[in-house]
Ligand code: NCD
């Protein structure tokens, strides 16, 4: 894999399995007293985030540091982008300083793909518009496998603003590649204009779907991407499609609740439901670091010692 721009770059179930195996090793590293290995020592990873982010950015940054890579932080709001510098010039300027990978988040679908044609560095898509968010899909699969074992034959419902969700697009391809069945539940106005070619079933009836799923995956209403009024009101949305305290009772005892964050408690998910023992929302965040370590290692670390035994505190302080 030269870049990770979308789920297709992972090479199907086999490629995803490889990331899962590597992630197991990095989960082990993350649990050590000193959660750091020298795998990417001497490599530099830069962030190019044109859109807001809490989890994804901190997660990539932590992942790179735990692999001993150097990091270059680029903040669009205080950069020459504000003076009109183009995406191409910005990417090439950063590369000229000597970097091995760029992690990109951008409001336009395809921006990371364009960057990949302009630079030699490996490019990782950390979310491009409505299009894809492949590392989110990987951490979602890892989190589900911790609870379900395999995804083969499992049923997952993705509920809410599918239309504007890059998470939904990456998850659909990744979950089905691993053998799961996916049902999208949303009002017609929050579904993509065409679902041709999507390996999913669609429902408008959340209540009847809930009792049949192994996991329900809620999405935020992505108002920043809506150019027209797509809902009569948020209250009505919650009444029909929110995972309310009453509705969560329809889930089987062994079914799980997920959300990529940021949550709007009280809209797509009731405040209490997000904190139930069956909620995997913080597991998703936790696993995100190890998954991103695996991705950066696959792109940059081939040949280096993967996970050497824990360093003694004295050795590590020299690093
Ligand atoms: C999502 C994103 O930015 O695509 N968040 C994330 O990365 N965990 C989902 C969202 O913004 O609703």
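No lab work stands behind these numbers, since they all come straight from the coordinates. Not measured: the values here are computed from a predicted model. Every residue, glycine among them, receives a Cβ derived from its backbone with ideal geometry; neighbour counts consider all protein chains shown.
Worth pointing out:
- Here r is the Cβ-Cβ distance between residue 253 and residue 28 and R0 is 30 Å; the resulting FRET efficiency, rounded to 0.05, is 0.50.
- The chain: radius of gyration over Cα atoms, expressed as a fraction of 2.2 N^0.38 Å: 1.01
- Relative contact order [Cα under 8 Å, 6+ residues apart], the chain, whole percent: 21 percent
- Remark: the Cα gyration tensor places the stretch 120-204 in the oblate category, a/c being 1.5 or greater and a/b not exceeding b/c.
- Cα long-axis angle, helix 166-177 against the chain (0 to 90 degrees, to the nearest 10): 90 degrees
- When you restrict to C-alpha pairs under 8 Å that are six or more residues apart and normalise by the size of the stretch 134-280, the relative contact order lands at 24 percent.
- Proxy reagent accessibility, fewest Cβ within 10 Å first, across 82, 163: 82, 163
- From largest to smallest, the equivalent ellipsoid semi-axes obtained for the stretch 134-280 from the alpha-carbon gyration tensor read 21, 18, 14 Å.
- Placing R0 at 25 angstrom, the Cβ-Cβ distance between residue 201 and residue 88 gives a FRET efficiency of 0.05 after rounding to 0.05.
- The alpha-carbon positions of the stretch 158-218 define a convex hull whose volume is 76 Å³ per residue.
- Modelled FRET efficiency - R0 22 Å, residue 77 with residue 286, Cβ distances, 0.05 increments: 0.20
- DSSP beta bridges confined to the chain are antiparallel in about 5 percent of cases.
- Kirkwood analysis of the stretch 1-130, using all unique Cα-Cα pairs, places the hydrodynamic radius at 15.6 Å.
- Globularity index of the stretch 92-162 is 1.44 (Cα radius of gyration / 2.2 N^0.38 Å, N = number of residues).
- C-alpha center-to-center spacing [the stretch 189-263, the stretch 1-56] in angstrom: 28 Å
- Where only DSSP H runs of four or more residues are counted, the chain gives -11000 deg cm²/dmol as its mean residue ellipticity at 222 nm, each run worth -39500 (n - 2.57).
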